[in-house]
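Written below as structure tokens is the structure these notes are about.
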Amino acid sequence: MNNRLPALREERGESQADLAAAVGVTRQTINALERDRYDPSLDLAFALADHYDCAIEDIFSPER
């Protein structure tokens, strides 16, 4: 699954640790998401979308 997390974090000047704290996961989880080693739960996807005030589809897209 492709995602825009690194770009969204960079736009806000957030570190992986900042984002992890904001959505209630570990920095390692954010790192795994960004490296496409982990697909988020639905709860986490909604939390990330809420944090960035966008739709889940604006962050995540299926690989093609």
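Residues of segment 45-64 that are open to solvent by 40 Å² or more (accessible area, probe 1.4 Å), closer than 20 Å to Gly13 by Cα and in a helix (DSSP H, G or I): Asp50, His51, Asp58. Could we say that Asp36 is surrounded by fewer than 13 Cβ atoms within 10 Å (Cβ to Cβ), at positive phi, touching a residue at least 24 places away in the same chain (Cβ under 8 Å) and in a loop (DSSP other than H, G, I, E, B) here? The answer is yes for Asp36.
Suppose the filter is open to solvent by less than 40 Å² (accessible area, probe 1.4 Å), under 19 Å from Asp58 (Cα atoms) and modelled with pLDDT of 95 or more; does Leu42 pass it?
Numbers: open to solvent by less than 40 Å² (accessible area, probe 1.4 Å): no; under 19 Å from Asp58 (Cα atoms): yes; modelled with pLDDT of 95 or more: yes.
Taking the combined requirement at face value, the residue does not satisfy it.
Contact annotation: residue pairs with Cβ atoms under 7 Å, 6 or more positions apart or on different chains, pairing a residue in segment 1-15 that is over 14 Å from Asp53 (Cα atoms) with a partner that is exposed (fewer than 10 other Cβ atoms within 10 Å of the Cβ), are Met1/Pro62; Met1/Glu63; Asn2/Glu63.
The values are calculated or read from the model by the stated rules, or taken from the named source; none is laboratory data. Not measured: the values here are computed from a predicted model. Every residue, glycine among them, receives a Cβ derived from its backbone with ideal geometry; neighbour counts consider all protein chains shown. For accessibility, only protein heavy atoms count, side chains too; no ligands or nucleic acids. Shrake-Rupley method; radii C 1.70, N 1.55, O 1.52, S 1.80 Å.
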